[in-house]
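Here's the structure, in structure tokens; my notes come after.
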Amino acid sequence: MLNFNRCQHLKKITQKCFSSIHVKTDKHAQRFLSRTFALAELRKSWYSTHCLVGDKNIILMGPPGAGKTTVGRIIGQKLGCCVIDVDDDILEKTWNMSVSEKLQDVGNEQFLEEEGKAVLNFSASGSVISLTGSNPMHDASMWHLKKNGVIVYLDVPLLDLIHRLKLMKIDRIVGWNSGTSMKDLLKFRRQYYKKWYDARVFCESGASPEEVADKVLNAIKRYQDVDSETFISTRHVWPKHCEQKVSAKFFSEAVIEGLASDGGLFVPAKEFPELSCGEWQSLVGATYIERAQILLERCIHPADIPAARLGEMIETAYGENFACSKIAPVRHLSGNQFILELFHGPTGSFKDLSLQLMPHIFAYCIPPSCNYMILVATSGDTGSAVLNGFSRLNKNDKQRIAVVTFFPENGVSDFQKAQIIGSQRENGWAVGVESDFDFCQTAIKRIFNDSDFTGFLTVEYGTILSSANSINWGRLLPQVVYHASAYLDLVSQGFISFGSPVDVCIPTGNFGNILAAVYAKMMGIPIRKFICASNQNRVLTDFIKTGHYDLRERKLAQTFSPSIDILKSSNLERHLHLMANKDGQLMTELFNQLESQHHFQIEKVLVEKLQQDFVADWCSEGECLAAINSTYNTSGYILDPHTAVAKVVADRVQDKTCPVIVSSTAHYSKFAPAIMQALKIKEINETSSSQLYLLGSYNALPPLHEVLLERTKQQEKTEYQVCAADVNVLKNHVEKLIQNQFM
């Protein structure tokens with residue numbers, strides 16, 4: 001069973017830390033190991049190749065009208081097991097009266113207590129149990145049920161529920177009174193269902209009970225089959241003989257390790273999960289948080305992060321940290337062009353959409369009592385976003401997780417640099433490197449692959465290295481959500497109907513953002529073309545047009561769009577691996593050649609396959625400034641330089657036969673000098689705050705980013721370290737920071 005393997009893996013990591021710092025296992029670690037092995041035994045006890053249920057119960061939970069009773073009977077017939085309806089078989093037999101009579105007799109609060117008491121006195125095994133809509137509102141009885149079963153949440157569209165309840169002529173529901181609408185009551189109830197479920201069945205509108213029952217059985221199988229969702233390296237070579245074991249990792253391991261030991265990147269061993277058309281349509285009216293929960297639950301096995309815990313992380317990440325309640329809204333710009341605003345997070349860039357969530361995922365996945373140092377390379381926006389995200393962890397997690405971000409000393413905007421330095425906290429530092437982003441990123445990969453150095457850090461300091469760049473799967477995955485959400489918003493706003501194609505145009509340097517859009521398509525979003533927009537550092541554009549990735553005699557240029565001033569695109573490896581049918585041997589050869597000879601050429605069939613989905617072009621500095629100017633003059637909207645690059649390319653290559661969603665990856669406030677130059681504002685040599693106030697006086701869209709404006713006023717920690725472009729020098733910095741943080 002995989003759960004035993006997972007426990008063994010976590011036990012090894014934990015014991016590795018304990019042995020390295022020469023202490024006995026403390027009570028927290030003992031509790032952790034006891035919990036993980038108990039979980040293994042719990043699942044093992046009801047896993048059977050002959051029976052889906054074993055001695056555990058399948059517990060159906062959901063609001064009134066969700067169809068729990070009908071679905072439960074169908075499942076019972078399919079499995080040949082006992083079916084128990086809490087209303088009919090427990091409550092009414094205990095009370096000798098109907099549930100509605102009891103509710104009318106004792107009132108809401110007393111009803112919940114007596115209902116809970118009746119459930120506490122009940123026990124069963126190997127059965128299908130259909131709960132009442134109010135059972136989840138009583139904690140003690142739910143814990144009692146959960147100990148011996150798997151709780152499946154029937155998540156039915158709200159309008160379907162209201163329609164069913166009208167047909168059923170339901171006139172008494174716990175908590176319903178004359179001053180509360182049924183719609184509001186059902187929304188209120190959701191908070192209780194989210195606390196308890198192990199697996200969610202996302203029901204399409206109009207789905208039959210038989211269809212829902214099949215979904216329940218599939219959800220249980222997935223919950224049970226914890227070996228089914230694993231990750232491999234892009235450089236993994238598949239065994240020739242089936243009896244040879246595949247070296248796969250679980251989601252939690254991929255997140256913890258960041259980079260595969262062979263130098264490759266982790267990718268799912270199987271295809272991305274795909275939602276049906278009906279499931280997508282049920283998400284059209286959902287909030288960003290609700291969409292994120294559904295999509296990420298499909299991509300993260302509950303053995304790695306339980307669904308209820310994942311939901312808490314998502315709500316924490318996106319609940320109060322974003323200036324816009326829609327998190328990533330879509331705005332119509334002009335014609336067939338739409339802007340996906342990804343800059344409403346606390347540091348004003350699209351990186352916040354991942355890095356407000358990823359630290360919580362990372363902290364949950366790592367074993368307690370192990371220290372982790374996160375190494376990050378930034379081309380401008382990742383640095384402040386990762387420092388901000390990890391600074392929001394709770395006190396205990398900040399004591400065991402620290403971050404150091406390496407940025408090109410002269411390769412980011414002045415505002416970005418000040419923001420990175422100002423984002424340093426007790427568990428996060430910034431280090432300027434006298435080179436470019438490509439060196440920073442390559443140096444970090446070399447550090448990870450230096451087993452002598454990483455082993456020394458573990459033995460000497462009890463510290464393990466990991467990453468938070470998009471090379472880490474836990475960083476890349478949340479980006480899929482906003483591409484899917486953007487499409488759903490266009491449907492919700494009536495610009496398109498579901499199923500109509502769209503193009504996406506994304507300013508691209510490291511290929512992570514555009515790759516996340518590819519994954520959104522794999523999940524069912526009908527994206528027609530992926531438009532890769534480059535600045536003068538157009539290595540990706542040239543590659544997409546020719547299949548030749550050539551860094552020879554190519555020097556990195558500093559541009560107005562520094563976050564895509566990148567020549568070595570890490571996430572391209574993931575996409576090539578996907579296109580080449582997961583040929584790890586080919587990836588090893590290509591990227592070893594890139595490292596040694598600074599170029600590689602893919603074969604014609606792969607070039608043609610790439611060009612079926614991708615188009616690309618680049619934008620000059622003059623075109624970038626001109627696009628900012630013309631867009632403001634025609635629509636009153638200010639683009640940041642990266643978004644301007646994307647708009648120039650979209651104008652040039654998109655055929656206007658369908659909408660195009662342009663990713664706006666940063667707020668223009670971070671690039672005030674370039675914006676003022678584009679708008680021909682003469683007072684460029686002002687302080688950052690006065691520049692922003694001056695731009696604010698133009699009353700443009702989007703409005704000034706208030707958090708960024710406040711940042712310019714604050715006199716925060718400005719000290720930081722600068723080091724030479726030498727991997728050994730970076731290693732020394734990492735070791736010293738570990739000494740200061742953990743010793």
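The values are calculated or read from the model by the stated rules, or taken from the named source; none is laboratory data. Just so we're clear, the structure is a prediction, and the values are computed from it rather than from any experiment. No Cβ is skipped: glycine too gets one built from the backbone with ideal geometry, and neighbour counts run over all protein chains shown. The area values use the complete protein model at the heavy-atom level, side chains included, leaving out ligands, DNA and RNA. Shrake-Rupley method; radii C 1.70, N 1.55, O 1.52, S 1.80 Å.
Check region 458-468 and report whether any residue there is modelled with pLDDT under 95, open to solvent by less than 10 Å² (accessible area, probe 1.4 Å) and within 30 Å of Thr712 (Cα to Cα). Within region 458-468, one or more residues are modelled with pLDDT under 95, open to solvent by less than 10 Å² (accessible area, probe 1.4 Å) and within 30 Å of Thr712 (Cα to Cα).
The strands (runs of 3 or more DSSP E) falling completely within region 379-477 that include 1 or more residues that are more than 28 Å from Phe671 (Cα to Cα) map to 401-408, 463-467. Of the residues Phe530, Phe543, only one is in contact with a Phe, Trp or Tyr (Cβ under 6 Å, 6 or more places away or on another chain), touching a residue at least 12 places away in the same chain (Cβ under 8 Å) and part of a strand (DSSP E or B); which? Step by step, each of Phe530, Phe543 is checked, and only Phe530 is in contact with a Phe, Trp or Tyr (Cβ under 6 Å, 6 or more places away or on another chain), touching a residue at least 12 places away in the same chain (Cβ under 8 Å) and part of a strand (DSSP E or B).
Looking at Gly547, Gly509, just one residue is touching an Asp or Glu at 6+ places or on another chain (Cβ under 9 Å) and modelled with pLDDT under 95, and that residue is Gly509.
Within region 625-647, if we keep just the residues that are hydrophobic (A, V, I, L, M, F, W, C) and open to solvent by 20 Å² or more (accessible area, probe 1.4 Å), the residue that is farthest from the chain's Cα centre (by Cα) turns out to be Ala626. Taking (1) assigned to a helix (DSSP H, G or I); (2) of a type outside the set (Ser, Thr, Tyr); (3) over 28 Å from Glu710 (Cα atoms) in turn, Met313 satisfies each apart from (3). Which one of Phe437, Phe448 is modelled with pLDDT under 95, in contact with a strand residue (DSSP E or B) (Cβ under 7 Å, 6 or more places away or on another chain) and farther than 28 Å from Cys370 by Cα? One residue alone meets the criteria, Phe437. Residues in region 104-117 that are touching a Lys or Arg at 6+ places or on another chain (Cβ under 9 Å) and either open to solvent by less than 10 Å² (accessible area, probe 1.4 Å) or among the small types (Gly, Ala, Ser) (or both): Phe111, Glu115. Within region 546-560, the set of residues being of a type in the set (D, E, K, R) and without any contact (Cβ under 8 Å) to a residue 24 or more places away in the chain comprises Glu553, Arg554, Lys555. Across region 394-416, the number of residues qualifying as farther than 16 Å from Ser466 by Cα and open to solvent by less than 10 Å² (accessible area, probe 1.4 Å) comes to 3. For region 587-598, filtering for residues that are surrounded by fewer than 20 Cβ atoms within 10 Å (Cβ to Cβ) and on the phi < 0 side of the Ramachandran plot leaves 8. Only residues that are open to solvent by less than 20 Å² (accessible area, probe 1.4 Å) and out of contact with any Phe, Trp or Tyr (no Cβ under 8 Å at 6 or more places or on another chain) were counted across region 562-573, and they come to 4. Look at region 220-240: where a residue is without any contact (Cβ under 8 Å) to a residue 12 or more places away in the chain and a partner is outside any strand (DSSP E or B), sitting 6+ places away or on another chain with Cβ atoms under 8 Å, you get Pro239/Lys245; Pro239/Val246.
Is it true that Ile602 is of a type in the set (Val, Ile, Thr), over 24 Å from His483 (Cα atoms) and open to solvent by less than 20 Å² (accessible area, probe 1.4 Å)? Here the answer is yes, as Ile602 does meet what is asked.
Here's a check for you: in region 187-208, which residue that is in a loop (DSSP other than H, G, I, E, B) and small (Gly, Ala, Ser) is surrounded by the most Cβ atoms within 10 Å (Cβ to Cβ)?
Ranking the candidates gives Ala207 first.
The condition of being within 30 Å of Asp726 (Cβ to Cβ), surrounded by fewer than 22 Cβ atoms within 10 Å (Cβ to Cβ) and at pLDDT 95 or above does not hold for Glu426.
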